[in-house]
2 protein chains.
Amino acid sequence: MERVDGHPLSDEELQALDAYWRAANYLSVGQIYLLANPLLKEPLRPEHVKPRLLGHWGTTPGLNLVYVHLNRAIRQRELSMMSVIGPGHGGPAIVANTWLEGSWTATYPNTTQDEPGMARLFKQFSFPGGIPSHVAPEVPGSINEGGELGYSLSHAYGAAADNPDLVVACVVGDGEAETGPLATSWHSNKFLNPRRDGAVLPILHLNGYKIANPALLARIGDDELTALLRGVGHEPYLVEGSDPVEVHQAMAAAVDKCLDRIREIQVEARVEGEPVTRPAWPMIVLRTPKGWTGPRTVDGEPVEDTWRSHQVPLSGVRTNEDHLRQLEDWLRSYHPEELFDENGTPVESLLALAPRPSLRMGSSPHANGGLLTRNLELPEPAEYAVPVKAPGAEDGEPTKVFGQYLRDAFRLNEKHRNLRLVGPDETESNRLGAVYDVTGKAWVAGRRDTDLHLDPDGRVLEMLSEHTCQGWLEGYLLTGRHGVFSSYEAFVHIVDSMVNQHAKWLKTVNRLDWRRPIPSLNYLLTSHVWRQDHNGFSHQDPGFIDHVVNKKAEVVRVYLPPDTNTLLSTMDHCLRTRNYVNVVVAGKQPQPNWLDWEAAALHCARGIGVWDFAGNDEGDPDVVMACAGDVPTLETLAAVDLLREHLPDLRVRVVNVVDLMRLQDSTEHPHGLPDPEFDALFTTDKPVIFAYHGYPWLIHRLTYRRRNHENLHVRGYIEEGTTTTPFDMVVLNNLDRYHLAMDVIDRVPALRTKAVSVRQWLADQRVRHRVHTTRYGEDLPEVRNWRWGRPS
Amino acid sequence: MERVDGHPLSDEELQALDAYWRAANYLSVGQIYLLANPLLKEPLRPEHVKPRLLGHWGTTPGLNLVYVHLNRAIRQRELSMMSVIGPGHGGPAIVANTWLEGSWTATYPNTTQDEPGMARLFKQFSFPGGIPSHVAPEVPGSINEGGELGYSLSHAYGAAADNPDLVVACVVGDGEAETGPLATSWHSNKFLNPRRDGAVLPILHLNGYKIANPALLARIGDDELTALLRGVGHEPYLVEGSDPVEVHQAMAAAVDKCLDRIREIQVEARVEGEPVTRPAWPMIVLRTPKGWTGPRTVDGEPVEDTWRSHQVPLSGVRTNEDHLRQLEDWLRSYHPEELFDENGTPVESLLALAPRPSLRMGSSPHANGGLLTRNLELPEPAEYAVPVKAPGAEDGEPTKVFGQYLRDAFRLNEKHRNLRLVGPDETESNRLGAVYDVTGKAWVAGRRDTDLHLDPDGRVLEMLSEHTCQGWLEGYLLTGRHGVFSSYEAFVHIVDSMVNQHAKWLKTVNRLDWRRPIPSLNYLLTSHVWRQDHNGFSHQDPGFIDHVVNKKAEVVRVYLPPDTNTLLSTMDHCLRTRNYVNVVVAGKQPQPNWLDWEAAALHCARGIGVWDFAGNDEGDPDVVMACAGDVPTLETLAAVDLLREHLPDLRVRVVNVVDLMRLQDSTEHPHGLPDPEFDALFTTDKPVIFAYHGYPWLIHRLTYRRRNHENLHVRGYIEEGTTTTPFDMVVLNNLDRYHLAMDVIDRVPALRTKAVSVRQWLADQRVRHRVHTTRYGEDLPEVRNWRWGRPS
């Protein structure tokens, strides 16, 4: 690893940069501690200090250093740059810098660049009614809160994609660097095309400690660290030291070197006609003391350059006279009187160091991506719709047809370069392969002749890391572009915590009027629980829906389109929405087409409805058969078929649910059906047999307030499954047609005694199935060949 | 990277190994395809082939090669070795090998080592009523199913910990290697003490492809790959080729070299008195063709050495004459007639290559860890209990006291080396620091003078990767030892999918009588949602409980002890259980002690109960105030205090829930309360105001069948929160004492009109609080200083 030791700064420039850095440090300490007396115009007294001290000093001086030096580069090069701050606890640094540069005041005009503004800035930090201690959505220029740690690099790569003129400076904390998602996201550089995409400049901030431990990468020696970073495809430059003068010189030199190299790579790559190759992208390793310039020791214990500086180095300021003096000395060590004028406004020489307004990182439109969002040009979904002469007469392949629609969406938006499809390794397996007619899979690593669809210009991103896929897509959406994540249903749980954080981000931005809405996060979950009969139990889990519906109702939407045309309509809708997390679950296997395009579009618009073609209730059912999800819909219709054949006098109503949130109260979710409409569909007193795609309890959780809830009987996945046949999967979970029909007999009082022999026959079919399946390895012919509406 | 090219095998030995490998390959192909005619005694006909072809050929020949060569080393060195197979889809390989070596038949006596046994082995694979296609719990010798990918290495390190004589051979697939959890788990070697722990031998299997893509690590060039592996602390040896003769020689030489080096490292490290240092552990990179020895081309497309060999290379065998011939040729290319005798029994020369029974990897007791489990010697929890003169009169620090208990558990079991505490970086922050009195944090990386508690012999494992922590602990438990995972509540979602897989494993082993119960997976979730007022919204998420309760009821347990003594009793219980996932949520902040030891132990044994000291209902309440969780309990008691002061005639009953599953039906969960008991607690017709720790809907999901459900009103976390004060957190979510008291007034008919002024006063207090908090940054004194039972 090359240790950088150039001296590009003149004395004057160095002093100016150092003053700016001191100002940022002063403002950071002020945020953590001060409730009043922001300029220290009078001696510091206990009542000037916040009653609860909350914040993270440790990473802050390093972040301030980075920010100051990036500003220098932006000014000198007229650079379009944004920052992604992995050590999210370093909120004070980014708040301080965006205030200093003017972005904060531009965003929050009340927080002026003067003494009252500074006082407000200080007070609001980690204070009730104020802002969090992270680089949260409230911080202008942020797309990465960093509360959970691990996603900075993948966010940065998502932001850089399709933004050829953008450089994304990404600070990776050495704590964060230990997480799995971060560790593998280094490989994102194999998916970045230097011709088409922007650049990411990773800055690994090795300040050496986490909360109470050393950081691993700080303790493996420079040889291993260098090998590791070269191994992930980077050329690292080391900036190391604790003397500010030396570190400023080295950091300036390193930033210059890296940006020069990035420019060189891009110029080379952008020669038309040459093949795109993968360079070793430059990066910086910044090794400075944790809590740098803070108290060296407190109460006799070393603090600077140890984990003890992680949060608040002086904790007893309000009661401990020594701590109070130490704090005042610390604050005054930055010489605020040189940095701010009488009114608290940063002195001219500082203000001159901020980039011009449109280039300030805190004002980057990319970090308020909605500003840049352009609606997708979407094909007319009706043109892809499958013809349906009679419901259920023929099979369709939902994801395959949607793949054709998506192919043309790529085609229509090719010139805008604003759409991506991500997934671990499953675009083909999930039957979306049509997209490869117009675009490939991004790939800037080694190639072989037998490879298919690999292309540096590809718009499909596939890496066997759900975390990286999710991080890329979030970064892409947060910078205003569009995308779809296609995943096996069970394994999307891998990103549970990431979708949590994204949903929390969206909830927060809904309350920030300066943040413009961004395209929704669209999940297409296929290869779902009911068709993982081949992969078995470990691949069977429909619980992502349960996970998502706990997030704020204004943010989450869940759709279970039962066939090809409803999937088309649903996805077309989702791609037009903003600020949602849309979860769409749909199978990839051939399955009956129930609704023609018009019926599908209407059904999806309603989100829930009676399927008249299937029922015979004439407005007065004996039983309601409800279903949500493709396989439950199939089994429900097959059960209705059995019932109508064997119990022709029974009046059955079939209700299908596409938009799951229609089930919830209208007071709980904006899509919730008003009670009268719910009652009209489900009756107020008739048994309802509900066949549901996921864990059955979710339906109870959504409907417990409904009038007819006590008559609701839900079948769903009850964590039973293995490697078996498709029909056996539903049998194991009591969701099969025979069991649903038996449920009806058990719940409709008039049938209990009258239909004993039918019930026995149904039960026998289940036994026959098991015997047949375990003997021959396939389902009974009458199940495999069953079709709705065929004379039986 | 050193390419290994020794030739340690004599011709005879080489031929014998190759024959064993061919036998394993034959048995693997047989599993994927054959329903009958297992020895090809007659020409292959369509009806000999399974109707559905399910399985993964691509990784299988490489795994077979590895297994055969490990067997050689085990025999030659009398090695205690177990295997962890990352490419979990390679089930056929491990099933084949365990049958060949005799472990399968020892486990499943019906599947004999002869023709009928072979036929059974073939049929059962990926067949209804049979076994999954992964290295699932059904496979003897397995502790890593591999269905989800990413956890092999961390499992291997967990298994090696505290097993100094064990070598864990861990095959890492090049697909799996792209996942985040795997990518960071390479660093596990910084936590492995060569003196005390066993060794892990990673074998990176670079067969080059995933489902439909090249594998990244196969396409970054040998320089970067070598750098990467050295960077994570290994000395890699390359075995490469497609000529079996050469690869056998190289693989034998590489295995010898690595095991020699491991032995050398261990001998050196085990010299008493010398400091423990971290060596560069050897590992193998095995680069062989995907689908090696399978069909080169099918229907004109290249298959061997491409992704097309991932699953079933010949898919049309039942209908396509060419495919059928190709399959027969493929099977016969292994010369089964040389490998199995007339009866289908492996020939003597093969059987002689299996290790002796007790050393066979398929029979390793470590992989059936319950066999080796030794009960923990646990301290008497009563001795740690805090005295409680009056309920709520004094505060305790629950996790701090539990830390003292845990310290002594470490002390009592030190000689057995069978207990570990894992967590990302939070043992101290979660107030469990007392454990450092008797043990340290495992750490075999660089040290500095200022470090605290780092110790190669430490029993605490801290790495800022929840995935690695979870993987280590799972590996440790699955090999029969004990442990606790302490985590911030919000961020345990990071391992949602891992706990899914572990719960599925446990559900499956409950149905395998040869698998002995293992110690439970114990989560202590602290720094929970209600006390993340300082870290803010991104740190607030109580949804892990919701996630876990979807798993099989027989496996999951959830506890919410409300104070110090109940936490002690709960953890003491959990550490004694087997085959559960125990989720315990408890705060780390000082909070009232409600129950003395006797009351706490009794309350925890019941799991739910009336708190007579708090209520005044005399068996006939007007309202039931229920609570689960420490903060909800506090707010409930404070609300009761207000009600009893302002509405002294109101009869209030307080019910506290420790064991959340008591709420569910006894038919749904083994801990569920029978209906009459539930009704006795909650009444059948009185309003119940339930203050719950997590998302309120979960309580409805658990209780919707209960008779009094329609009178149940739940308050909980509704995804509102930010950086604020502790009391403001409950106010934002309507869980505060004032709101709970208002809920009572709103729900008890007699109060609605009578208590108007009290209700107004309560509402005013909420406003007062907000004004005070946002002005002063702390809670109202009457909230901060409130205590139960103090004259107000």
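The values are calculated or read from the model by the stated rules, or taken from the named source; none is laboratory data. All values derive from a computational prediction rather than experimental measurement. Reconstructed Cβ throughout: ideal geometry from the backbone, glycine too, with neighbour counts over all protein chains shown. The accessibility values were calculated without ligands, DNA or RNA, using every heavy atom of the protein model including side chains. Shrake-Rupley method; radii C 1.70, N 1.55, O 1.52, S 1.80 Å.
Summary table
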item: Odd one out for residue A:10 among (1) more than 30 Å from residue A:165 (Cβ to Cβ); (2) open to solvent by 10 Å² or more (accessible area, probe 1.4 Å); (3) of a type in the set (Gly, Ala, Ser); result: (1)
item: Condition met for residue A:349 (open to solvent by 60 Å² or more (accessible area, probe 1.4 Å), touching a residue at least 40 places away in the same chain (Cβ under 8 Å) and under 39 Å from the mean Cα position of the chain (by Cα)); result: no
item: Residues of the range B:499-518 that turn out to be more than 9 Å from every other protein chain (Cβ to nearest Cβ) and either out of contact with any Asp or Glu (no Cβ under 7 Å at 6 or more places or on another chain) or open to solvent by less than 10 Å² (accessible area, probe 1.4 Å) (or both), as a count; result: 11
item: Within the range A:192-243, considering residues that are in contact with a strand residue (DSSP E or B) (Cβ under 8 Å, 6 or more places away or on another chain) and of a type in the set (D, E, K, R), the one surrounded by the fewest Cβ atoms within 10 Å (Cβ to Cβ); result: A:222
item: Of all residues in the range A:419-440 being open to solvent by 10 Å² or more (accessible area, probe 1.4 Å) and within 19 Å of residue A:193 (Cβ to Cβ), the one that is farthest from the other protein chains (Cβ to nearest Cβ); result: A:438
item: Among the candidates A:605, A:599, A:586, residue that is within 28 Å of residue A:418 (Cα to Cα) and either more than 29 Å from the chain's Cα centre (by Cα) or surrounded by 24 or more Cβ atoms within 10 Å (Cβ to Cβ) (or both); result: A:586
item: The one condition in (1) within 30 Å of residue A:538 (Cα to Cα); (2) crowded, with 24+ Cβ neighbours inside 10 Å; (3) at pLDDT below 95 that residue B:521 fails to fulfil; result: (3)
item: Members of the range B:536-561 that are at the interface with chain A (Cβ under 7 Å from one of its Cβ atoms), at negative phi and either assigned to a loop (DSSP other than H, G, I, E, B) or not small (Gly, Ala, Ser) (or both); result: B:537, B:539, B:541, B:543, B:546, B:547, B:550, B:551, B:552
item: The range B:417-470, subset in a strand (DSSP E or B) and β-branched (Val, Ile, Thr), residue farthest from the chain's Cα centre (by Cα); result: B:460
item: Pairs, first in a helix (DSSP H, G or I) in the range B:86-108, second charged (D, E, K, R), C-beta under 7 Å, six or more apart; result: B:88/B:145; B:101/B:360; B:103/B:360
item: Given (1) within 14 Å of chain B (Cβ to nearest Cβ); (2) more than 27 Å from the chain's Cα centre (by Cα), index of the condition residue A:126 fails; result: (2)
item: Sole residue being touching a residue at least 24 places away in the same chain (Cβ under 8 Å) and either open to solvent by 10 Å² or more (accessible area, probe 1.4 Å) or more than 21 Å from residue B:586 (Cβ to Cβ) (or both), chosen from B:656, B:711; result: B:711
item: Flag for residue A:307 being touching a helix residue (DSSP H, G or I) at 6+ places or on another chain (Cβ under 7 Å), crowded, with 21+ Cβ neighbours inside 10 Å and farther than 30 Å from residue A:562 by Cα; result: no
item: From A:147, A:141, A:158, residue being more than 7 Å from chain B (Cβ to nearest Cβ), farther than 28 Å from residue B:225 by Cα and either crowded, with 24+ Cβ neighbours inside 10 Å or of a type in the set (Phe, Trp, Tyr) (or both); result: A:141
item: Search result, residues across the range B:748-789 that are surrounded by 13 or more Cβ atoms within 10 Å (Cβ to Cβ), within 14 Å of another protein chain (Cβ to nearest Cβ) and among the β-branched types (Val, Ile, Thr); result: B:773, B:774, B:783
item: Looking only at the range A:114-123, and only at residues there that are among the aliphatic types (A, V, I, L, M) and surrounded by 24 or more Cβ atoms within 10 Å (Cβ to Cβ), the one that is nearest to the other protein chains (Cβ to nearest Cβ); result: A:121
item: Of the criteria (1) in contact with a Phe, Trp or Tyr (Cβ under 7 Å, 6 or more places away or on another chain); (2) open to solvent by less than 40 Å² (accessible area, probe 1.4 Å); (3) over 24 Å from residue B:32 (Cβ atoms), which one residue B:295 fails; result: (3)
item: Qualifying residue in the range B:457-480 (condition: more than 10 Å from chain A (Cβ to nearest Cβ), under 30 Å from residue B:269 (Cα atoms), surrounded by 24 or more Cβ atoms within 10 Å (Cβ to Cβ) and among the acidic types (Asp, Glu)); result: yes
item: Any hit, the range A:389-399, residues being open to solvent by 10 Å² or more (accessible area, probe 1.4 Å) and assigned to a helix (DSSP H, G or I); result: no
item: From the options B:691, B:741, B:755, residue that is at pLDDT below 95, closer than 17 Å to residue B:640 by Cα, in the same structural domain as residue B:661 (by the TED database) and aliphatic (A, V, I, L, M); result: B:755
item: Any hit, the range B:203-214, residues being more than 7 Å from chain A (Cβ to nearest Cβ), farther than 20 Å from residue B:86 by Cβ and either among the polar types (S, T, N, Q) or out of contact with any Pro (no Cβ under 9 Å at 6 or more places or on another chain) (or both); result: no
item: Flag if residue A:710 is of a type in the set (D, E, K, R) and either closer than 30 Å to residue B:135 by Cβ or in the same structural domain as residue A:390 (by the TED database) (or both); result: no
item: Test for residue B:362: is it part of a helix (DSSP H, G or I), touching a residue at least 24 places away in the same chain (Cβ under 8 Å) and closer than 20 Å to residue B:71 by Cα; result: yes
item: Any chance residue A:615 is open to solvent by 10 Å² or more (accessible area, probe 1.4 Å) and among the small types (Gly, Ala, Ser); result: yes
